[in-house]
Amino acid sequence: MHSWVLKSEPDSFGIDHLIAAKNQSTLWDGVRNYMARNNLQAMCVGDRAYFYHSSCKVPGIVGEMQVVATAMPDTTQFDTESHYFDRKSTPEHPLWYAPQLKFVKKYNLVLSRDILEAAGLGDSKIFKSFRLSVIPLTAKEAKIIEKLVASAGKNE
DNA sequence: GCCAACGTTGGC
DNA sequence: GCCAACGTTGGC
């Protein structure tokens, strides 16, 4: 199993949108960056994805999701009405792919950048490749986050 | 709202 | 295929 960090702006699609969604799941579509796309395609069923809120008051990891279906063509790329329409893409040769993600849990606190950095994740791609919206975590990084979640859970 | 980082585009 | 210009992301 691999772990990933998926960024989204809570104003456009936050974890509460996911909770309210049908089956509490969503296609992670609209990603238009090749490196992020490659990461999306590398996701396997059962992988864990941390939901990261960006461009908001307290940016950080707010909860967990699980991959329930591997990446399939992102249909918004063919929709001329969509903000995500891409004229270079055709149904025969789609450029962009989206996996299906399902809500697992929402934390009772935000794992803010301060908390993540203090836990030793300062060298993680979360910080180093901060423009990337789909970030792979090493096993070590994933373990650190698991620990943070476990200790935060004790305060519930 | 500013601005640095950095991916993408397009002219050559 | 290089690289400057441009646009977007995202923290502050």
- Task: Give me the pairs, please: first residue somewhere in region A:127-144 and among the aliphatic types (A, V, I, L, M), second residue anywhere and more than 9 Å from DNA strand C (Cβ to nearest atom) and in a helix (DSSP H, G or I), beta-carbon distance under 7 Å, and either six or more positions apart or on two chains.
- Result: A:Leu132/A:Met35; A:Leu132/A:Lys125; A:Val134/A:Asn39; A:Val134/A:Leu40; A:Ile135/A:Lys125; A:Ile144/A:Ala119; A:Ile144/A:Gly120; A:Ile144/A:Leu121
- Scope region A:1-22; condition small (Gly, Ala, Ser) and under 14 Å from the mean Cα position of the chain (by Cα); matching residues: A:Ser3, A:Ser8, A:Ser12, A:Gly14
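How about region A:66-156: which helices (runs of 4 or more DSSP H) wholly inside it have at least 3 residues that are of a type outside the set (Gly, Ala, Ser) and within 16 Å of DNA strand B (Cβ to nearest atom)? Step through it out loud before you land on a result.
Details: elements: A:113-116, A:125-128, A:139-153.
Because the criterion is at least 3 residues that are of a type outside the set (Gly, Ala, Ser) and within 16 Å of DNA strand B (Cβ to nearest atom), the helices (runs of 4 or more DSSP H) in region A:66-156 that meet it are A:125-128.
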- Message: Need the failing condition index for A:Lys143 against (1) open to solvent by less than 40 Å² (accessible area, probe 1.4 Å); (2) more than 14 Å from the chain's Cα centre (by Cα), just the number.
- Response: (1)
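For the subset of region A:1-21 comprising residues that are within 16 Å of DNA strand B (Cβ to nearest atom) and not polar (S, T, N, Q), which member is surrounded by the most Cβ atoms within 10 Å (Cβ to Cβ)? Give the steps one after another, and end with the answer.
Taking region A:1-21 as the starting set, the residues that turn out to be within 16 Å of DNA strand B (Cβ to nearest atom) are A:5, A:7, A:9-12.
Now drop any that are not not polar (S, T, N, Q), which leaves A:5, A:7, A:9-11.
On the way: A:Val5: 24, A:Lys7: 21, A:Glu9: 13, A:Pro10: 19, A:Asp11: 10.
Among residues in region A:1-21 that are within 16 Å of DNA strand B (Cβ to nearest atom) and not polar (S, T, N, Q), the one surrounded by the most Cβ atoms within 10 Å (Cβ to Cβ) is A:Val5.
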- Note on the structure: Only unsatisfied item for A:Asp29, checking (1) part of a loop (DSSP other than H, G, I, E, B); (2) over 29 Å from A:Phe127 (Cβ atoms), is (2)
- Query: Looking at region A:22-47, which of its residues are open to solvent by less than 30 Å² (accessible area, probe 1.4 Å), more than 16 Å from DNA strand B (Cβ to nearest atom) and of a type in the set (A, V, I, L, M)?
  - Reply: A:Met43
- Message: Six or more apart or on different chains, Cβ atoms under 8 Å: show the pairs whose first residue is in region A:72-98 and touching a residue at least 60 places away in the same chain (Cβ under 8 Å) and whose second is among the basic types (Lys, Arg) and surrounded by 10 or more Cβ atoms within 10 Å (Cβ to Cβ).
- Response: A:Trp96/A:Arg32; A:Trp96/A:Arg37; A:Tyr97/A:Arg37
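Can you tell me which residue in region A:30-64 is farthest from A:Asp74 (Cα to Cα), limited to those that are of a type in the set (A, V, I, L, M) and touching a helix residue (DSSP H, G or I) at 6+ places or on another chain (Cβ under 9 Å)?
Taking the candidates together, the pick is A:Val58.
The values are calculated or read from the model by the stated rules, or taken from the named source; none is laboratory data. Please read these numbers as outputs of a predicted model, since none were measured by experiment. In this analysis, Cβ positions are derived from the backbone assuming ideal geometry, glycine residues included, and neighbour counts consider all displayed protein chains. Heads up: the accessible areas ignore ligands, DNA and RNA and are worked out on the full protein's heavy atoms, side chains in. Shrake-Rupley method; radii C 1.70, N 1.55, O 1.52, S 1.80 Å.
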